[in-house]
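Step one of this worksheet: look at the structure below.
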Ligand SMILES: C[S@@+](CC[C@H](N)C(=O)[O-])C[C@H]1O[C@@H](n2cnc3c(N)ncnc32)[C@H](O)[C@@H]1O
């Protein structure tokens, strides 16, 4: 996986990812809106609807970044805490929503009690975790039985024509624009980091092992984005 000069080796991935998000934090939201034409917020709203997040639900937004999902969930009446590894991203989240509860934490060691939340959301972060099975196990631990996990991630369209167009955009255009407006290395890492993303059958197996059931996948953005939903099994 670390054959590319951009991708970190497993021993250095955590520090690499944290430093990268600290660097790009000030322009992170602007770049997301620009590169997706504003669709990213639509995908986040779709995930929250799919999870049926409602008034009074307690939600952990894992890898909250600048807090987009957390802010949308809170607007819907949920009690939300956002957790992230990168302090630079959390600072942006705090500037946007000064009253948002935030914690600096690694996904494999969450500072929350067992069975303490109704839902865990996680947007566009799976590729960045160092230990996906351990992170899913932590999500399962903090969720109450019957609680929902909702994940958004990038994907590759299945149709050949769309996949070809997507490859040009995602692998060539995005790193170019990202290099001009933000950080060259980070936006080269973005398409390359899909090498860290297991295919759905593997994700499903990891989620089952971690304690989840009823695992479903949806695609959106013409197949460029995937959403996963899973339910915490009773122990
Ligand atoms: C692409 S951003 C996504 C931010 C936000 N969820 C969104 O929807 O825009 C990925 C986030 O994952 C965080 N992250 C990466 N590895 C992490 C880890 N091991 N534990 C917690 N957060 C992590 C990064 O700091 C970054 O803020």
(request) Out of 114, 171, report the one residue that is in contact with a helix residue (DSSP H, G or I) (Cβ under 6 Å, 6 or more places away or on another chain), part of a loop (DSSP other than H, G, I, E, B), over 16 Å from residue 21 (Cα atoms) and away from the ligand (no atom under 12 Å from the Cβ). (result) 114
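Please tell me if residue 52 is away from the ligand (no atom under 13 Å from the Cβ) and over 18 Å from residue 179 (Cβ atoms).
Answer is yes for this residue.
Take the residues of the range 75-89 that are crowded, with 18+ Cβ neighbours inside 10 Å and more than 9 Å from the ligand (Cβ to nearest atom): which is nearest to residue 55 (Cα to Cα)? Break it down stepwise before answering.
Step one: of the range 75-89, the residues crowded, with 18+ Cβ neighbours inside 10 Å are 78, 80-86, 88-89.
Narrowing the set further to residues that are more than 9 Å from the ligand (Cβ to nearest atom) leaves 78, 80-81.
Details: 78: 5, 80: 11, 81: 15 Å.
If we take residues in the range 75-89 being crowded, with 18+ Cβ neighbours inside 10 Å and more than 9 Å from the ligand (Cβ to nearest atom), then 78 is nearest to residue 55 (Cα to Cα).
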(message) With under 16 Å from the mean Cα position of the chain (by Cα), at negative phi and modelled with pLDDT of 95 or more as the only criterion, which of 30, 51 stands out?
(response) 51
(message) Step by step: first the residues of the range 93-111, then only those that are under 23 Å from residue 46 (Cα atoms) and in a helix (DSSP H, G or I), then the one that is farthest from the ligand (Cβ to nearest atom). Which residue is that?
(response) 96
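Report yes if residue 21 is within 12 Å of the ligand (Cβ to nearest atom), without any contact (Cβ under 8 Å) to a residue 24 or more places away in the chain, closer than 20 Å to residue 84 by Cα and part of a helix (DSSP H, G or I), otherwise no. Please lay out each step first, then the result.
Details: within 12 Å of the ligand (Cβ to nearest atom): yes; without any contact (Cβ under 8 Å) to a residue 24 or more places away in the chain: no; closer than 20 Å to residue 84 by Cα: yes; part of a helix (DSSP H, G or I): yes.
The answer is no for residue 21.
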(message) Here is a check on your reading of the model: is residue 14 in a strand (DSSP E or B), near the ligand (Cβ under 9 Å from one of its atoms) and under 20 Å from residue 127 (Cα atoms)?
(response) no
(message) On the basis of being near the ligand (Cβ under 8 Å from one of its atoms) and either surrounded by fewer than 22 Cβ atoms within 10 Å (Cβ to Cβ) or assigned to a loop (DSSP other than H, G, I, E, B) (or both), does residue 66 make the cut?
(response) yes
(request) Name, by its number, the condition in (1) under 15 Å from residue 36 (Cα atoms); (2) touching a strand residue (DSSP E or B) at 6+ places or on another chain (Cβ under 6 Å) that does not hold for residue 200. (result) (1)
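Residues checked against (1) surrounded by fewer than 16 Cβ atoms within 10 Å (Cβ to Cβ); (2) within 14 Å of the ligand (Cβ to nearest atom); (3) part of a loop (DSSP other than H, G, I, E, B):
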site	(1), (2), (3)
91	yes, yes, no
136	no, yes, no
141	no, no, no
144	yes, no, no
150	no, yes, no
164	yes, no, no
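Which of the following residues is within 13 Å of the ligand (Cβ to nearest atom) and in contact with a helix residue (DSSP H, G or I) (Cβ under 9 Å, 6 or more places away or on another chain): 34, 60?
Numbers: 34 fails: within 13 Å of the ligand (Cβ to nearest atom).
None of the other options fit; the residue is 60.
The values are calculated or read from the model by the stated rules, or taken from the named source; none is laboratory data. Since this is a predicted model, take the numbers as computed values, not measurements. Using ideal geometry, Cβ is built from the backbone for each residue, glycine included, and neighbour counts are taken over all protein chains shown.
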